[in-house]
Amino acid sequence: MSHNHHHHRHDSTGNIRIAFFLNISFALLELAGGLWTNSMAILSDALHDLGDAFSLGLAWFFDNHSKKSRDHKYSFGYRRFSLLGALVNSLVLILGSLFILSKAIPRLWNPETSNAAGMALFAIVGIAVNGAAVLRVKGGKSLNERLVAWHLLEDVLGWAAVLAVSIVLLFKDVKILDPLLSVVITLYVLYNVAKNFRKTVNLFLQGVPEEVDITSLEAAILSMANVDSVHHTHVWSLDGAHHVLTTHVVVENGTPRAEIVNLKCAIGELAENLDIEHTTIEVEHMGESCNLREGA
Ligand SMILES: [Zn+2]
Ligand SMILES: [Zn+2]
Ligand SMILES: [Zn+2]
């Protein structure tokens, strides 16, 4: 489900759209296949791929929508809309997982026969489709491309497990294997949902982005020329990739105008290296009263 984070995708909307339609049609095919073969494992994989398709759909939609620049209604722009999408995505996957678990767990005690040959057929198609996708993105250097490649590899492994189970079932009807694999796949889906959900909630709560350490940021500002002290430093993130910084910097008395301009430039560069794109610096002079100096 890491398909949706994509930092610089100015020309990749077409690829996302193709990937979305491939994923959604494959997921629907699996849904039908899972019902036809009476295989809970394939249904779990269908849910997983539906989640992937949903992420891609969101990425496609927000590729246009989130990039809409700020206006008088949303002064920070539309990036935070992607958080809403991520929340809905998590919710859909949680409900889907609970539904599958409610069907698969009783089958551990009362297993039903699955169509092993049909399962094998679907597994081979699944490996081919996801394997081809892995080969396409394998050479990618960016973090996002590597994340996508890794995710697709996991998808291939999931199908390989379905294939292995179906081959065993072809020779020996160990009915419990199918619901067992289904539970494992679904728990894995839930694990990923929980991980993404935590990140999304942290963004909503305006948590400090993981890669930013406020203490060392303030220390770096404090070490700059003419800086007497720093207070009221806040960092939060619009969407996990674009951050916001506000800080109050007290400069030594008599600091010339040009030095203050240099200082702001230096802080701006520091912020830029941390993916902070909205920086607000309040310059104060020693002895000037600031009601935000204590705490705040
Ligand atoms: Zn996937
Ligand atoms: Zn701004
Ligand atoms: Zn202040």
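The values are calculated or read from the model by the stated rules, or taken from the named source; none is laboratory data. Everything numeric in this text was worked out from a predicted model, so none of it was measured. Using ideal geometry, Cβ is built from the backbone for each residue, glycine included, and neighbour counts are taken over all protein chains shown. In case anyone asks, the SASA skips ligands and DNA or RNA and just uses the protein heavy atoms, side chains included. Shrake-Rupley method; radii C 1.70, N 1.55, O 1.52, S 1.80 Å.
Odds and ends about this structure:
- Answer residue from the range 158-201, given it is out of contact with any helix residue (DSSP H, G or I) (no Cβ under 9 Å at 6 or more places or on another chain) and within 16 Å of ligand 1 (Cβ to nearest atom) and is modelled with the highest pLDDT among those: TYR191
- Residues satisfying the stated conditions in the range 33-78, i.e. in contact with a Ser or Thr (Cβ under 9 Å, 6 or more places away or on another chain), among the small types (Gly, Ala, Ser) and under 17 Å from LEU238 (Cβ atoms): ALA59, SER66, GLY77
- Hey, LEU238 under 30 Å from ILE94 (Cβ atoms) and touching a Lys or Arg at 6+ places or on another chain (Cβ under 7 Å) or not: yes
- Remark: pairs (first residue in the range 72-84, touching a residue at least 12 places away in the same chain (Cβ under 8 Å); second residue open to solvent by less than 80 Å² (accessible area, probe 1.4 Å) and among the charged types (D, E, K, R); Cβ separation under 7 Å; 6+ apart in sequence or on different chains) = ARG79/ASP239; ARG80/ASP239; SER82/ASP239; LEU83/ASP239.
- Residue match in the range 239-257 (condition: assigned to a helix (DSSP H, G or I), touching a helix residue (DSSP H, G or I) at 6+ places or on another chain (Cβ under 7 Å) and either among the aliphatic types (A, V, I, L, M) or open to solvent by less than 30 Å² (accessible area, probe 1.4 Å) (or both)): no
- In the range 272-286, residue farthest from the chain's Cα centre (by Cα) [restricted to those that are assigned to a strand (DSSP E or B) and within 16 Å of ligand 2 (Cβ to nearest atom)]: GLU282
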